[in-house]
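Let me begin by presenting the structure, written as structure tokens, before commenting on it.
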Amino acid sequence: MTLFKNLIGGEWTASHTGATFETRNPADTDEVVGVFQKSDADDARQAIEAARAAQPAWAAIPAPKRGEILHRAAAILESRADQVAREMTREEGKTLPEARGEVGRAINILRYVGGEGARLGGEYAPSERDRVFIQTRRRPLGVVGLITPWNFPIAIPTWKTAPALICGNAVVLKPSDLAPLCAVRLVEALHEAGVTKGAINLVTGPGSKVGNELVTNSAVKAISFTGSEGTGSAIAVDAARRRARVQLEMGGKNPTIVLADADIADAVNVVVNAAFFSTGQRCTATSRVIVEAPIVERFTAALVARAKTLKVGNGLETGIEIGPSIDAKQLATVLDYVGVGTAEGARLLTGGERLSSGPHARGYFSSPAVMSDVAPEMRIAQEEIFGPVLAVLPARNLDHAIEVANGIRFGLSAAICTTSLTSAYEFINRIEAGLVMVNLPSAGVEYHVPFGGSKASSMGMREQGSVAIDFYSEWQTAYVKY
Ligand code: NAD
């Protein structure tokens, strides 16, 4: 058991409160994974001040050189990849292969965004006037506050921190209390790689104190948030009051449409992966499968048969496919929604039970649930559950399936399984979602292309890919008469 500190102004620092909190393994709650600083608004203010002081020096380092520092951080993280992946499985619960994949993704992001340092160019434009040059360039915003959730505990901190730093901003990162250890590992790598002291700061503690200070402090010029819709909406209002730039990535209720021409075995694999892997705790997870009438019975039977074979347990063990819910509250939410669905008239075909004996005795485990006879207006078809609960909805045809898929407030990710190119493009054209998959799980995105949703899922500019730097920079236009 290790005590982890905040990084403020380049020094590992205990919170002035003297208080700490611990994280426990959700697959074995007897195991304490780490002890962290229970910081408050004063700690956050200190970090913001350190960031403000350091930002000009960090921005003065030429951008390609800042990129080299990100590349060094990638190499440091790579040298520790296995350790960090194991820590992630112990703290967040996802399986070790999933955790390894996520650490690999963080390394790729650091390398990819590091390359942006040499590509931060602007434009030359012809002037209306004689002997005038017009040039544009990106300038950093100053101090940015990054607030992250627990479900991708290294990928999300990395996909915010890397573009913020490459643009020359100083960062204060506040990770989720439920899984802050990977963010510590990321910040260690950046610090050791040579990011200017004070340009990368980490403060752990409650969102209501540390996060709120980042949102309300006028020295923080932009806030990038990923998390629940409720928290994100409140942040948007607070940020708007002081006209801070804000970017929100929030919930989803993602559909997968399965058409009658789909290969059923392939479609089952796609849907099982999207709905149940990572315990359904992905913002892009499929929680509604909308199946064309002629195959609804055959598809559902094959889906249920496969769901019953899924191995639930401690993600460190070989062969485990699904880990625990992150905590007791999330597990209760999952079980509650199974009850809500049943009360609304849906039929529980498999799963939806707490697993609490033998290897499951000390964790937050439940069996993956499939519910049929779900109507589009039911709560289990409308509200984000964030767990291994899948609703099956029938559809008359592609048009009806798209109508049902779009009939929600969210618009993050959506998938279709079909062998028809025409149906696939019809779907791409008409679905209301920022991420669209054909014959692929709705979850599982790549680091070098834009990421984000529509409708209530997102607000502000896209993350990841080359467009990520748009949020973290502003254009300056220079007119030069010679
Ligand atoms: P959450 O909203 O509870 O917490 C997210 C972060 O906000 C945490 O660091 C938390 O401490 C902080 N926070 C809480 N209250 C705050 C406040 N008043 N001011 C400032 N910060 C505050 O979300 P969570 O439970 O950690 O994450 C799960 C949610 O995240 C799900 O809804 C999921 O869909 C969403 N998510 C979205 C994406 C995406 O890219 N769209 C990705 C991953 C997760």
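The values are calculated or read from the model by the stated rules, or taken from the named source; none is laboratory data. Computed from a predicted model, the values in this text were never measured in an experiment. Neighbour counts are summed over all protein chains in view; Cβ atoms, including those assigned to glycine, are modelled from backbone coordinates with ideal geometry. Just so you know, the surface numbers come from the protein's heavy atoms only, side chains and all, with ligands and any DNA or RNA stripped out. Shrake-Rupley method; radii C 1.70, N 1.55, O 1.52, S 1.80 Å.
Given an 8 Å cut-off on Cα distances and at least 6 residues of separation, report the relative contact order of the range 383-482 as a percent. Walk me through the numbers on the way to the answer.
Numbers: 111 pairs, mean separation 22.5, N = 100.
Relative contact order of the range 383-482: 23 percent.
Among DSSP beta bridges lying fully in the range 254-438, give the percent that are antiparallel, nearest 5. Could you put the intermediate results ahead of the total?
On the way: 5 of 26 bridges.
DSSP beta bridges in the range 254-438 are roughly 20 percent antiparallel.
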| field | In Hz, Karplus ³J(HN,Hα) per residue of the range 413-425 (6.51, -1.76, 1.60; θ = phi - 60°; x = Gly, Pro) | value | 10, 8, 9, 9, 10, 7, 9, 9, 5, 5, 5, 4, 6
| field | Bins of 5 Å from zero: percent of alpha-carbon pairs in the range 120-218 | value | 2, 12, 20, 19, 15, 9, 6, 6, 5, 4, 2, 1, 0
| note | Once amide hydrogens are built 1.01 Å from N within the peptide plane, the residues lying 5 or more places from Met437 or on another chain with amide H under 5 Å from its amide H are Ala414, Ala415, Ile416
| message | What do you get for the angle between helix 96-116 and the principal long axis of the chain? Use alpha-carbon atoms, 0 to 90 degrees, nearest ten. | response | 30 degrees
| query | For Met459, what accessible area in Å² do you get when you roll a 1.4 Å probe over the heavy atoms of the protein chains, rounding to the nearest 10? | reply | 90 Å²
| field | the chain: calculated mean residue ellipticity at 222 nm from DSSP helix runs of at least 4, using -39500 (n - 2.57) | value | -12000 deg cm²/dmol
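Considering only DSSP beta bridges whose two residues both sit in the chain, what percent are antiparallel, to the nearest 5? Could the numbers behind the result be given before it?
Numbers: 32 of 72 bridges.
Here the antiparallel bridges make up roughly 45 percent for the chain.
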| query | Nearest 10 degrees, 0 to 90: what angle lies between the long axis of helix 229-241 and the longest principal axis of the chain (Cα atoms)? | reply | 30 degrees
| query | Quick one, what does Rg over Rh come out to for the range 135-276 if you take C-alpha atoms and the Kirkwood Rh? | reply | 1.09
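Could you tell me the relative contact order of the chain? Use alpha-carbon pairs under 8 Å, at least six residues apart, and round to a whole percent. Write out the running numbers ahead of the final one.
On the way: 1178 pairs, mean separation 85.5, N = 482.
About 18 percent, as a whole number.
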| message | On a straight-distance basis, which aspartates and glutamates could pair with Lys94 in a cross-link, Cα separation under 15 angstrom, same-chain partners fewer than 8 positions away excluded? | response | Asp28, Asp82, Glu102, Glu317, Glu321, Asp327
| Hydrodynamic radius by Kirkwood, which averages 1/r over all alpha carbon pairs of the range 1-160, in angstrom | 18.6 Å
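Once you wrap a convex hull around the alpha carbon atoms of the range 254-438, what is its projected area averaged over all directions, in nm²?
Numbers: hull surface 39.0 nm².
Projected over every direction and averaged, the Cα hull of the range 254-438 covers 9.7 nm².
At a 1.4 Å probe radius, which order do Tyr124, Tyr472 fall into by accessible area, largest first? Write out the running numbers ahead of the final one.
Numbers: Tyr124 130, Tyr472 5 Å².
These residues rank, largest area first, as Tyr124, Tyr472.
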| Any idea of Asp30's accessible area? Nearest 10 Å², probe 1.4 Å. | 110 Å²
| request: Just reorder Arg111, Arg282, Arg90, Arg288 by solvent-accessible area, largest first, 1.4 Å probe, all chains present. | output: Arg111, Arg90, Arg282, Arg288
| Solvent accessible area, Å² - Ser208, 1.4 Å probe, full protein context | 90 Å²
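Once you have the Cα-Cα distance between Tyr482 and Val32, take 0.36 nm times their residue separation minus that, and quote the gain in nm to one decimal.
Numbers: separation 450, 0.36 × 450 = 162.00 nm, distance 6.64 nm.
Residue separation times 0.36 nm, minus the Cα-Cα distance, leaves 155.4 nm.
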| Label points 7 Å out from Cα along the Cβ direction at Ala219 and Arg354: separation in nm? | 4.6 nm
| note | Nearest 10, in degrees from 0 to 90: the angle of helix 181-193 to the longest Cα principal axis of the chain is 30 degrees
| task | Report the residues of the range 257-273 in range of a label on Val438: point 7 Å along Cα→C-beta, backbone N strictly under 15 Å from it. | result | 257-259, 261-263
| task | Compare Val438, Val304 by solvent-accessible area with a 1.4 Å probe and give them largest first, with all protein chains kept in place. | result | Val438, Val304
